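Have a look at the structure below before the remarks.
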Amino acid sequence: MNRPVETDPVELTILMPCLNEAETLAVCIQKAQGFLARSGVRGEVLISDNGSTDGSQQIAADLGARVSHAPRRGYGAALINGIEQARGSFVIMADADDSYDFENLEPFVEKLRAGADLVMGNRFRGGIAPGAMPPLHKYLGNPVLSGIGQLFFRPGIDDFHCGLRGFNRERILSLDLQTTGMEFASEMVVKASLARYRIEEVPTTLKKDGRSRPPHLRSWHDGWRHLRFLLIFAP
């Protein structure tokens, strides 16, 4: 797969999937751009838009982010498109709902520069703000799915489904990730584990997202899709 045409080398792409995130997209882009400016990392902010109808694309373009239109719908589809279109050697991805910490990405970059293939955030070690994670997810969904993932695949991480993660772009592209829904997060970790990739974990924080509408995630439906994927690939 060919890398998009570029003029100057880009070390890091900060990638955000987007579906009608006009309420929070601007602040996420500004935080990501602030990190790049402060750290001196040569990078870009890339928005992989999944068919927004609320003007998200124009908000991103006005702030100087690059916008790519994902041809297929779904969380995984948007991320696959973004990874394909990224110009950076490394990619750090997270949702555009202002729940993840785009201002403190140094630990991810340091691990990637040191040779890690996949760097996962750990919200339980970094801190979860009150109301940021529903009790069902905090005390049942995430611990159970993370435990099953650790039992089956031994990735050496404790937060299997953290949405803030960084990776070596070429190494992840070589895994040929396919799932278009929320289970894409599991597919990345499972296939990287099976390929014996170097996976590391760093603390990160999670705060309550800034949107007035409900999240895209559907707890039972998407939880089942994650579990089904883990069982399909279980040794």
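The values are calculated or read from the model by the stated rules, or taken from the named source; none is laboratory data. Small disclaimer: the values here were computed from a predicted structure and weren't measured. Cβ coordinates were reconstructed from backbone atoms using ideal geometry, including for glycine residues, and neighbour counts include every protein chain displayed.
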Exercise for review: Among the residues of region 197-211, write down those that are among the acidic types (Asp, Glu) and assigned to a loop (DSSP other than H, G, I, E, B).
Suggested key: 209
Study note, to complete from the structure: Restricted to region 93-111 and to residues being assigned to a loop (DSSP other than H, G, I, E, B) and of a type in the set (D, E, K, R), the residue surrounded by the fewest Cβ atoms within 10 Å (Cβ to Cβ) is 103
Study note, to complete from the structure: Scanning region 197-226 residue by residue, those modelled with pLDDT of 65 or more, of a type outside the set (Phe, Trp, Tyr) and either closer than 17 Å to residue 155 by Cα or touching a strand residue (DSSP E or B) at 6+ places or on another chain (Cβ under 6 Å) (or both) turn out to be 198, 199, 200, 201, 202, 203, 204, 206
**Study point:** Any hit, region 57-73, residues being closer than 24 Å to residue 160 by Cα and in contact with a helix residue (DSSP H, G or I) (Cβ under 7 Å, 6 or more places away or on another chain)
**Key:** no
Review point. Would it be correct to say that residue 90 is touching an Asp or Glu at 6+ places or on another chain (Cβ under 8 Å), crowded, with 18+ Cβ neighbours inside 10 Å and assigned to a helix (DSSP H, G or I)?
Key: no
Check your understanding: Where residues in region 11-49 are in a helix (DSSP H, G or I) and small (Gly, Ala, Ser), which of them is nearest to the chain's Cα centre (by Cα)?
Key -> 32
Study note, to complete from the structure: Subset of region 50-75, residues touching a Leu at 6+ places or on another chain (Cβ under 7 Å) and either touching a residue at least 60 places away in the same chain (Cβ under 8 Å) or assigned to a strand (DSSP E or B) (or both), comes to 66, 68
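Would region 189-196 turn up any residue that is in a loop (DSSP other than H, G, I, E, B), crowded, with 18+ Cβ neighbours inside 10 Å, modelled with pLDDT of 85 or more and not polar (S, T, N, Q)?
Taking region 189-196 and keeping what is in a loop (DSSP other than H, G, I, E, B), we get 195-196.
Among the residues that remain, those that are also crowded, with 18+ Cβ neighbours inside 10 Å are: none.
No; the residues of region 189-196 include none that is in a loop (DSSP other than H, G, I, E, B), crowded, with 18+ Cβ neighbours inside 10 Å, modelled with pLDDT of 85 or more and not polar (S, T, N, Q).
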